[in-house]
Amino acid sequence: MTIGAVDLTRKSVRTAEFYMHLLFFVAAAAVLVLSFSMSVVGSSLVYLPGSSIPLPESCTARQFLGINCPGCGLTRALISISHGQFTDAWNFNPASFMVYLFVLVQLPWQASQMIRIRQRKPSFDALGIYILPISMAILLLAQWLVRMFL
C-alpha cells in the first residue's frame, strides 16, 4: 500500500514539475513573440500590434518615487533587440542583452526538461544553470547603480 502511495506522489511531483517547465516555456515564447510584434515609437511609447494607443507606463518606482528601477527600459530594449535596433536597446537598458539571452535559452532548456520528464528520466539539475540568471541580476543592478550615480 505504501509503494502505491509513493508512486502516486512521484507521479504528482513529476506532473507538477512538467507543468512548471511548460509555464516557463510558454512565458519565454510569449515574451519573444510580443517583442517581435510590438513597436517602440520615440523613446518611451510602446504599442501592441494593430493598436494606436500606447501602453501605459508600468514602472512603479518611476511613478511613485520618481526614480528609475534596475529594469526600467527592458520592455523597450527587448523590442528593440528583436527589431535589430541594438543601439536603442543599449540606451534603454544595457543589461537587456543578457535578459534577452536568458529568455532565448529558456526555450530549449525548458523543452528538454519537459521531454526528459515525459521519458521518465530525471531532469537536469546542474549548478551551472544558475550562472546566467545570477549574472543577469548582477548586471541589472550594476547598470542601474552606474546610471543612478553617473
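In segment 49-59, of all residues being of a type outside the set (A, V, I, L, M, F, W, C) and either within 17 Å of residue 78 (Cα to Cα) or open to solvent by 80 Å² or more (accessible area, probe 1.4 Å) (or both), the one that is modelled with the highest pLDDT corresponds to 54.
Here residue 28 meets the list (1) touching a Ser or Thr at 6+ places or on another chain (Cβ under 7 Å); (2) crowded, with 18+ Cβ neighbours inside 10 Å almost entirely, failing just condition (1). Note on segment 31-48: among residues that are β-branched (Val, Ile, Thr) and farther than 23 Å from residue 112 by Cβ, the one that is surrounded by the most Cβ atoms within 10 Å (Cβ to Cβ) is 40.
For the structure I just gave you, tell me whether residue 62 is within 30 Å of residue 118 (Cα to Cα), surrounded by 11 or more Cβ atoms within 10 Å (Cβ to Cβ), modelled with pLDDT under 90 and more than 16 Å from the chain's Cα centre (by Cα). No: the conditions fail for residue 62. Whether a residue is open to solvent by 50 Å² or more (accessible area, probe 1.4 Å) and of a type outside the set (S, T, N, Q) was assessed, and residue 74 does not pass this test. Taken over segment 101-150, residues that are open to solvent by less than 50 Å² (accessible area, probe 1.4 Å) and touching a residue at least 60 places away in the same chain (Cβ under 8 Å) amount to 11.
Conditions (1) more than 25 Å from residue 57 (Cα to Cα); (2) modelled with pLDDT of 90 or more; (3) acidic (Asp, Glu), marked per residue:
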{"site": "77", "(1), (2), (3)": "no, yes, no"}
{"site": "108", "(1), (2), (3)": "yes, yes, no"}
{"site": "115", "(1), (2), (3)": "yes, yes, no"}
{"site": "135", "(1), (2), (3)": "yes, no, no"}
{"site": "147", "(1), (2), (3)": "no, no, no"}
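Checked against (1) open to solvent by less than 80 Å² (accessible area, probe 1.4 Å); (2) modelled with pLDDT of 90 or more; (3) under 24 Å from residue 141 (Cα atoms); (4) among the hydrophobic types (A, V, I, L, M, F, W, C), residue 90 passes all but condition (1).
The values are calculated or read from the model by the stated rules, or taken from the named source; none is laboratory data. These figures come from a predicted structure and were not determined experimentally. Here Cβ is always computed from backbone atoms with ideal geometry, including for glycine, and neighbour counts include all displayed protein chains. Only protein heavy atoms, including side chains, enter the accessible area calculation; ligands, DNA and RNA are left aside. Shrake-Rupley method; radii C 1.70, N 1.55, O 1.52, S 1.80 Å.
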